[in-house]
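Trainee: I have a structure I would like to understand better, so I am pasting it below and will then ask my questions one at a time.
Nothing in this text is a laboratory measurement; each read-out follows from the coordinates by a stated rule. The structure presented is a predicted model; accordingly, all values stated were derived computationally and were not measured. Cβ placement follows ideal geometry from the backbone for every residue including glycine, while neighbour counts extend to all protein chains displayed.
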Amino acid sequence: MKLCLEGKVAVVTGAGSGIGAAVSRQLALEGAEVVIADINEEAAHRTVAAICADGGRARAFVVDVTDFEGVQRLVDFAVETCGGLHLAVNNAGIDGVRAAVGNYPLDDWHKLMNVNLNSVFYCMKCQIGVMLRSGGGAIVNMSSALGAVGLPTAAAYTAAKHGVVGLTKAAAIEYARFGIRINAVGPGWIDTPLLSEHLDIASTRRMASLQPMGRRGTPDEIANLVCFLLSEQASFITGAHYLADGAYTAH
């Protein structure tokens, strides 16, 4: 299915690796010009180089998504450098420590909420204003399978991802009549650096076994869904949380 994103400008946060990089590459292959936003400058430039090597168009922008003014500069950069903003993927996120609620460190709680939830609000607040002025757009917020269910010792991550789903639904209702579609995607256990750097081989295999398909998903599988939701092929889809989790939440 050709998604026909020629002439579109997209911003993807957390685009230096994993799902963000895969989404960025797919958007570029479909014709969009992509702003690769990441806190890691080297990683952002690697994604840009990969896209340009395939004949796509991309630019790097270093940003800390927990800094509202930095997020505003990111959106301004897209508009001033690329000529607009039509598509956005708010993907940046961290895992966080594992602890029961009664023992969860306050500093770690606030850090995770800032990166995984507050940043999504900051991004949408800046993106929506531009999209309103240009007649519409599409946004995908990266939630998780844990935006639909709970996981012991991961209360902060679970709460933040549930929050992303709620924020997505509320915003989608508010802006549907203005031509802005907003959806959330909930990956299961995906083969990304965010997962692999925190788990040993035995833990990785155990996590994969929790998904009835018996394997981890790939970043490209998530990218396919995200890019579809951003395209006009999904023109009547907004306010939804789409799970891509190998039936993890279907138990």
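Trainee: I'm checking my understanding of the structure. Among residues of the stretch 208-227 that are over 20 Å from ALA15 (Cα atoms) and in a helix (DSSP H, G or I), which one is nearest to the chain's Cα centre (by Cα)?
Mentor: Only one residue tops the list, namely ALA208.
Trainee: Here are THR168, THR192: which of them is in contact (Cβ under 8 Å) with a residue 40 or more places away in the chain, of a type in the set (S, T, N, Q), buried (at least 22 other Cβ atoms within 10 Å of the Cβ) and closer than 23 Å to ALA15 by Cα?
Mentor: THR168
Trainee: Taking VAL89 as the residue in question, decide whether it is outside any loop (DSSP other than H, G, I, E, B) and of a type in the set (Val, Ile, Thr).
Mentor: yes
Trainee: I've got another one for you. Residues that are closer than 24 Å to PRO187 by Cα, among the acidic types (Asp, Glu) and within 15 Å of the chain's Cα centre (by Cα): does the stretch 98-118 have at least one?
Mentor: Checking the stretch 98-118: not a single residue is closer than 24 Å to PRO187 by Cα, among the acidic types (Asp, Glu) and within 15 Å of the chain's Cα centre (by Cα).
Trainee: Which condition from (1) surrounded by fewer than 17 Cβ atoms within 10 Å (Cβ to Cβ); (2) more than 23 Å from ALA44 (Cβ to Cβ) is the one that LYS125 breaks?
Mentor: LYS125 satisfies all of (1) surrounded by fewer than 17 Cβ atoms within 10 Å (Cβ to Cβ); (2) more than 23 Å from ALA44 (Cβ to Cβ) except (2).
Trainee: All but one of (1) closer than 21 Å to LEU229 by Cβ; (2) in a strand (DSSP E or B); (3) not polar (S, T, N, Q) hold for ARG59; which doesn't?
Mentor: Of (1) closer than 21 Å to LEU229 by Cβ; (2) in a strand (DSSP E or B); (3) not polar (S, T, N, Q), only one is false for ARG59: (1).
Trainee: Pick from the stretch 155-184 the residues that are within 19 Å of the chain's Cα centre (by Cα) and not in a helix (DSSP H, G or I): which of them is nearest to GLY93 (Cα to Cα)?
Mentor: Among them, the one singled out is ALA184.
Trainee: Restricting the search to the stretch 228-251, which residues are part of a loop (DSSP other than H, G, I, E, B) and touching a Leu at 6+ places or on another chain (Cβ under 7 Å)?
Mentor: SER231, ILE237
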